[in-house]
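Working notes, beginning with the structure itself.
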Amino acid sequence: MAEAAGFHAERGNRLLDDGARLTGEVGLPILGREAKLQALEEAVAALQIDFAESLAVGDGANDLAMIQRAGLGGGLGVAYHAKPVVAQAATAAINHNDLTALLYLQGYSDEEIVRRD
């Protein structure tokens with residue numbers, strides 16, 4: 001998915017399947033709170049940007065550190081259909097839309113968004 005979306009880098013937990021369907025288990029290593037924060041910090045350093053230019057998105061407690069770091073640095077910490085503790089810590093929330101809303105939060109207009117249905 002990351003390659004198809006044109007991402008330069010990706011990190012994520014890998015959902016396991018039995019060849020026919022997802023099993024409900026996650027493969028190792030599991031990226032937790034610290035790994036997610038580290039990924040944000042490494043991206044900011046590699047891109048030579050300030051945290052004010054960063055955006056972190058998540059829905060659960062393991063996303064809190066990166067969401068708070070982005071938000072406290074002047075960037076955007078976004079709670080996406082999140083648990084209450086995450087929504088409370090975030091600087092923005094998406095509760096009634098899909099991830100397209102992130103494009104609008106970054107200043108993109110309808111004309112700039114390519115939709116493939």
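A crude spin-label estimate for the pair Leu72 and Asn13, with each label 7 Å from Cα along the Cβ direction, gives 2.3 nm.
With charges only on Cβ, +1 for K and R and -1 for D and E, what is the dipole size of the chain about its Cα centre, in debye, rounded to 20? Mind showing how you got there, number by number?
Details: 9 positive and 17 negative charges, 68 e Å.
Approximately 320 debye in magnitude.
Residues whose amide H falls under 5 Å from that of Tyr80, counting only those 5 or more places apart or on a different chain, are Gly58, Asp59, Ile94, with hydrogens built in the peptide plane.
For Leu99 and Ala52, FRET efficiency with R0 = 30 Å and r from the beta-carbon atoms, rounded to 0.05? Walk me through the intermediate numbers first.
On the way: r = 22 Å, r/R0 = 0.72.
Here the calculated transfer efficiency is 0.85.
The Cα atoms of the chain cover 42, 36, 31 Å along the three principal axes, with the biggest extent listed first.
Rounded to the nearest 0.05, what FRET efficiency do Ala5 and Glu42 have when you use their Cβ-Cβ distance and R0 = 22 Å?
Numbers: r = 20 Å, r/R0 = 0.89.
So the FRET efficiency works out to roughly 0.65.
Which whole-number percent gives the relative contact order of the chain, counting Cα pairs below 8 Å spaced six or more residues apart?
Details: 161 pairs, mean separation 17.1, N = 117.
Here the relative contact order equals 15 percent.
In the range 1-89, which chymotrypsin sites (Phe, Trp or Tyr not before Pro) fall in coil by DSSP and have 16 or fewer other Cβ atoms within 10 Å? Sparse-neighbourhood loop chymotrypsin sites (Phe, Trp or Tyr not before Pro): Phe7.
Highest GNM mean-square fluctuation among Asp98, Asp50, Asp59, for the chain modelled with Cα contacts below 10 Å: Asp98.
Taken together, the values in this text are just the output of simple stated rules run on the coordinates, not laboratory data. Predicted model only: the values in this text are computed from it and were never measured. Glycine also receives a Cβ, built like all others from the backbone with ideal geometry; neighbour counts cover every protein chain displayed.
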